């Protein structure tokens, strides 16, 4: 399930991102999509490719990886995100939910630290 008001477009200095064509209230689930789960060995191999920037840690021990289908892997990072992602390991899905009101035309962001306002530096901050 992806809300039909979401679309992919160019994002300032970030490649492509996910945007909305209409206002979205806080606490709205905007996407629920399946993931392709990677074993720890497969994840290690993928980390040597461009796909490294599109996978998530997966599983209780976070050794596996997951590539989100739908728009999941296209949401850009922001330390003050307007959305949050949730993982359902049993169902093999991820969902995206707004944490604040979103305006039409606004980009939707998740915090790659898994908490909308977690300012812990990420791997790409060192680049």
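What follows is calculated from the coordinates using simple rules that are stated; it is not laboratory data. These numbers were taken from a predicted model, which means no experiment stands behind them.
How high is the relative contact order of the chain, in percent, counting Cα pairs under 8 Å that sit 6 or more residues apart? Spell out each step's value before the answer.
Details: 264 pairs, mean separation 38.1, N = 127.
Taking the mean separation of contacting Cα pairs over the length of the chain, I get 30 percent.
Can you bin the range 1-65 into rounded, prolate or oblate? Criterion: square roots of the alpha carbon gyration tensor eigenvalues sorted a ≥ b ≥ c, rounded for a/c under 1.5, prolate for a/b above b/c, oblate for the rest. Please report the intermediate quantities before stating the final value.
Working: a/c = 3.08, a/b = 1.69, b/c = 1.82.
Here the range 1-65 falls in the oblate category.
Tell me, what is a quarter of the convex hull surface for the C-alpha atoms of the chain, in nm² with one decimal?
Average projection, Cα convex hull of the chain: 7.7 nm².
How much of the DSSP bridge set in the chain is antiparallel, in percent, rounded to the nearest 5?
On the way: 29 of 31 bridges.
So the antiparallel bridges amount to about 95 percent of the total.
What is the distance in Å between the Cα centres of the range 38-52 and the range 1-28?
If you average the Cα positions of each part, the centres end up 27 Å apart.
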